[in-house]
1. Near the amide H of Val110, under 5 Å away, which other amide H atoms are found, from residues 5 or more places off or on another chain, if H is placed in the peptide plane?
2. Give me the three principal axis extents of the range 211-259 from the C-alpha atoms, as integers in angstrom, largest value leading.
3. Which ³J(HN,Hα) values, rounded to whole Hz and listed in residue order, are derived for the range 214-230 from phi using the Karplus coefficients 6.51, -1.76 and 1.60 in 6.51 cos²θ - 1.76 cosθ + 1.60 with θ = phi - 60°, glycine and proline given as x?
4. Can you list the GluC sites (Glu not before Pro) in the range 203-247 that are in a DSSP coil and have 12 or fewer other beta carbons within 10 angstrom?
5. Which chymotrypsin sites (Phe, Trp or Tyr not before Pro) does the range 233-267 hold that lie in a coil by DSSP with at most 16 other beta carbons within 10 Å?
6. What is the distance in Å between the Cα centres of the range 160-184 and the range 193-228?
7. Excluding Thr45 itself, calculate the net charge of residues whose Cβ lies under 14 Å from the Cβ of Thr45, where each Lys or Arg counts +1 and each Asp or Glu counts -1.
8. Which net charge results when you count Lys and Arg as +1 and Asp and Glu as -1 among the other residues whose beta-carbon is under 13 Å from that of Pro251?
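Values quoted throughout were computed directly from the atomic coordinates according to the rules given, and no laboratory measurement underlies them. As the structure is a prediction and not an experimental result, all values here were calculated from the model. We place every Cβ from the backbone using ideal geometry, glycine too, and count neighbours over all the protein chains shown.
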Amino acid sequence: MTALLLVEDPAPHVRRLTLNRPEQLNAMTSELCEELHAQLRSIATDRSCRAVILTGAGRGFCAGLDLHGYGAAPGNDGNDEPRDRLGNQQHMSMLILALRALPQPVIAAVNGPAAGFGLALSLGCDIRYASPEAVFRAAFINIGVSNCDMGTSWLLPRLIGASRSHELMLTGRRVDAEEALRIGLVADVVNDGRLLERAVESAEQISSLAPWGVRLTKRGIWTALEIPSEQAAIEYEDRQQIMSTFGQAVPEAIGAFLEKRPAEFAD
């Protein structure tokens with residue numbers, strides 16, 4: 001059988017996960033979702049991995065939920081429909097939280113349609129790059145349900161602002177790559193088939209930095225989005241910064257700078 005999720009190491013310390021249902025534009029099923037959960041659990045404890053790239057095979061990133069049928073989440077047995085439906089829902093939504101909880105930064109290389117659950121996957125990543133063919137869409141409302149799903153109502157306003165998010169989520173319209181760049185949804189639009197190359201370049205740049213400092217930075221950025229005051233945020237930063245000064249990373253980084261050489265950090 002063809003693997004639903006391709007796992008590769010395109011560069012030292014970099015892991016690439018490729019959704020591999022190209023004929024279905026990588027629409028999500030329970031089997032593919034479970035593969036992603038398993039890989040994220042594995043990566044979280046792998047200190048040799050310092051950055052992750054998430055992308056899709058073929059011409060799509062992820063077209064959302066497979067409308068032909070998602071399947072059954074682990075533990076669903078068909079004996080209790082409300083419980084099983086909630087089980088499926090949480091199986092998907094917990095994946096967005098798993099991306100955020102992952103110690104390593106995650107880069108979404110959005111190579112085509114990212115709709116519904118696919119949009120949520122990209123929002124759950126830390127950095128987003130897009131090809132000119134990328135299309136983003138909050139699509140849940142187009143199949144008769146709420147667009148407040150899979151973390152979209154929390155993530156999207158924090159990335160592009162409440163006003164734009166209201167418009168996109170209430171209309172369910174498409175956003176092309178250039179508009180996504182203009183409104184800050186993506187960090188860059190990469191032409192000439194260089195999307196994966198650009199994602200690897202960014203992942204390598206992250207991987208060259210002190211792993212502990214990178215992990216604290218990712219956690220700190222996400223945490224700051226939920227801290228209600230500047231004073232509380234600074235107090236959190238102060239304690240986090242002191243934690244980062246222990247170990248060999250700081251003297252190695254300073255020594256490398258003074259000696260004009262690349263720093264070498266242990267995993």
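1. Residues meeting the amide H criterion: Tyr129, Ala130, Ser131.
2. Per principal axis, max minus min of the Cα coordinates gives 41, 16, 16 Å.
3. Listing the rounded values in order: 5, 5, 5, 5, 4, 5, x, 4, 5, 5, 4, 5, 10, 7, x, 9, 5 Hz.
4. Details: sites: Glu204, Glu226, Glu230, Glu235, Glu237; in loops: Glu226.
Here the sparse-neighbourhood loop sites are Glu226.
5. Passing sites in the range 233-267 are Phe246.
6. Comparing the Cα centres of the range 160-184 and the range 193-228, I get a distance of 24 Å.
7. Surrounding charge for Thr45 is +3.
8. -3
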